[in-house]
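Worksheet: one structure, shown below.
No lab work stands behind these numbers, since they all come straight from the coordinates. These figures come from a predicted structure and were not determined experimentally. Don't worry about glycine lacking a Cβ; one is built from the backbone with ideal geometry, like all the others, and counts go over all protein chains shown.
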Amino acid sequence: MPLQRLCLLSVLVFVTFLDSPIDAQQTTEQPEGPTKTSGESPAEQKPVELPEIADEPASIDPATLVNSKLAEKVTVVFREAALSEVGEWIENNAGIPVLIDRKALELENISLSEPVTDQLADEPLYLLLNRLSVIDVAWYVQGSILRITSQQEAEERKVTIPYSVSKLLDAGYEVERLTDVILNCIEGPWYDLDGEGGSVDFLGDVLFAMQNHERHLELRGLLKALEKHSRRTFILAPPEHEALRSKLQQNVSVDFDDSPLIEALNDLAQQTRIAIRLDYRALAKYRIRLRQPVSIRLAERKLQTVLDVMLAQLKLTWILKDGVLLVTSTDYAEQRQLTAVYDVRDLCRSFDESEGLANAIMRQSDSMWEDVDGEGGAIQFPLAGVMVVRQTGRIHERLLSLLEAYRGALASSKQRKRHDPDEDVLTRYYRMQSDVANVELMQFLVKTVAPDSWRIANEKAVGEIRGILPAGKRSIGGNVKAGIASSNVDHSVLVIVQKRRVHLEIEDILGRIQNGDASLKSGLGGGGLGGGGFGGGFFSLPQSSSSPAKR
């Protein structure tokens, strides 16, 4: 049980090891200043060693998350093949039973003879299935059967799957922050946010999530990316996308004069040897014909630039999706958000610094953000220095450039010691029953929790502990009387001055004692805890009014 449930009292005493008593009415003290060796100026301080940021993995490959049969690489070409024929080919060649949900497809006016034109060249089979989304067809695996159905039915079908998160919890991730990341960075709807949709619950080291097939794939990718990530790791993107990003920087020359759109795109695909696909539904929605004329003349320009200029004439754009460059509508591209995990430990080492980085990004990225605009992308920090962002592909590219520019500026800047909130010195009051707040408990804390941080062991340390007893009880723990005061209260209170990070350890110890952790009780000796436990909660006072305590 968290220590927030331990009470605070405004009056307190304690067994310390203070030279002067604590004024119970005092609310502020001077903060502990940074220590400085005699004669050492700030400029002479040693530069902070920054963690090395890895370049890999650039993404979590969906092939590692889907059914093994669908992850196998195949080569096939379909030209105007009926949807039913595609299903038959998969069943005959992939060794997985296929069931086409005719009723669900009919409800969405999708025929089994719906034409499919696509191809795979030694690529995972699941990519072909994903690309069926251009005709509003989806898929999922139920048991050992591949079900091909409508997107509507696939989205509405939710299942509950348990995930072990032991590694993440051992690495310091907290359940509350993991929940926030899932709800804000995995597409919903979620019941806790929208009043409908999927749900997330933690029981011990197990996460139970109820969602549809596609969201479960994203969740698996997110959990995997949190375990191991790089300067940018997309949670669900095939490795083909990195090759496409390189191709987009390749120079091309074009001279199109009222050339049909389909021919112009074929020309660019041949020049760069990349797979370009058309979102036929998007083109039909905006009444754009495949032979719509386009005109553009550019020499030795990046493919990305050529595509941007050419497609803008038709109010179209492009995205990377399922291993190809997909030409689609600007509306669809702006609505389709991707989630990536960024390693920014070299840019922010605490949650306060992480919040500052998030605010800077939202101001500088020229995009919509949920926290600012009520809609748009999201930024979450499940751990200090680990940033999870959900945004459009274009914004992710700008964000990576922004972070790299920041790193470059830092490299040429003077290294300065940054404030670490975990080092803030706080005064906290822990209320408990008098037979619990005894000398053995205080000595146990001093010897067990950061032993070198207490003044009794190190005169330069900041840690102090005192106990305030009810009136009429002049001593606790036998003949130990120094540093103990009495007050007209029914309970005793421990007043502890320590750094924030040490308080967290103390809270954990006391919380476990309260819950009857036998190993901790026996460590105190002599039955020092007595019976009963704690009551109430606790409150804390910062050592400086300029550094408010944050929980």
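If R₀ is 30 angstrom, what is the calculated FRET efficiency for the pair R245 and D371, using the beta carbon separation as r and rounding to 0.05?
Approximately 0.60, to the nearest 0.05.
All other residues with a Cβ under 13 Å from the Cβ of E227 taken together, and with Lys, Arg as +1 and Asp, Glu as -1, what is their net charge?
Net of charged neighbours comes to +2.
Assuming 0.36 nm per residue, please report the length gained on full extension of the stretch E505 to T448 beyond their Cα-Cα distance.
19.5 nm is the gain from fully extending E505 to T448.
Check which residues have an amide H placed less than 5 Å from W139's amide H, if you skip close sequence neighbours.
T149
How long is the gain from S144 to H419 if the chain were fully straight, where each residue apart is worth 0.36 nm and the alpha carbon distance is subtracted?
Computed gain between S144 and H419 is 93.6 nm.
Between R394 and S253, what FRET efficiency comes out of the Förster formula 1/(1 + (r/R0)^6) with R0 = 35 Å and r the beta carbon distance, rounded to 0.05?
For S253 and R394, the calculated efficiency is 0.90.
Where the eigenvalues come from the Cα gyration tensor of segment 63-156, what are the semi-axes √(5λ) of the equivalent ellipsoid, largest first, in whole Å?
So the three semi-axes of segment 63-156 are 19, 16, 11 Å.
Please rank C185, C348, fewest neighbouring Cβ atoms within 10 Å first, as an exposure proxy.
Fewest to most other Cβ atoms nearby, the residues stand as C348, C185.
Can you sort F208, F351, F381 so the residue with the fewest Cβ neighbours within 10 Å comes first?
By the 10 Å Cβ count, ascending, the order reads F208, F351, F381.
So for the pair F351, D201, with labels modelled 7 Å out along Cα→Cβ, what separation do we get in nm?
Placing both labels 7 Å along Cα→Cβ, they lie 2.5 nm apart.
With no solvent and one point on each alpha carbon, what is the Debye value of log10 I(q)/I(0) for segment 159-211 at q = 0.12, 0.17, 0.26 Å⁻¹?
Values, matching the q order: -0.25, -0.50, -1.05.
Relative contact order (percent) for segment 63-156, with alpha-carbon contacts under 8 angstrom and 6 or more residues of separation?
35
Debye calculation, C-alpha points only, no solvent: report log10 I(q)/I(0) for segment 350-467 at q = 0.10, 0.13, 0.19, 0.20 Å⁻¹, in the same order as the q values.
Log10 of I(q)/I(0), two decimals: -0.56, -0.73, -1.03, -1.12.
Please work out whether segment 241-334 counts as rounded, prolate or oblate from its C-alpha gyration tensor, where a ≥ b ≥ c are the square roots of the eigenvalues and a/c under 1.5 means rounded, while otherwise a/b larger than b/c means prolate and anything else oblate?
oblate
How much length would be gained if the chain were fully extended between D308 and Y280, taking 0.36 nm per residue of separation minus their Cα-Cα distance, in nm to one decimal?
Gain in length upon complete extension: 8.2 nm.
For segment 195-256 and segment 336-377, write down the distance between their C-alpha centroids in whole Å.
17
What FRET efficiency do you get for Q270 and K460 if R0 is 60 Å and r is their Cβ-Cβ distance, rounded to the nearest 0.05?
It comes to 0.25.
For segment 286-348, what relative contact order do you get, as a whole percent, if you take Cα pairs closer than 8 Å and at least 6 residues apart?
Contact order relative to length: 19 percent.
Let me check against my output: what whole-number percent is the relative contact order of segment 143-265, with C-alpha pairs under 8 Å and at least 6 apart?
24
Cut-off 18 Å, label point 7 angstrom out along Cα-to-Cβ of S295: give me the residues of segment 313-338 whose amide nitrogen falls inside.
Of the residues in segment 313-338, 313-315 have backbone N under 18 Å from the label point off S295.
Would you kindly derive the ³J(HN,Hα) couplings of segment 236-251 from the backbone phi angles with the Karplus curve 6.51 cos²θ - 1.76 cosθ + 1.60 (θ = phi - 60°), listing them in order in whole Hz, with x for Gly and Pro?
7, 8, x, x, 4, 5, 5, 5, 5, 4, 5, 5, 5, 8, 6, 7
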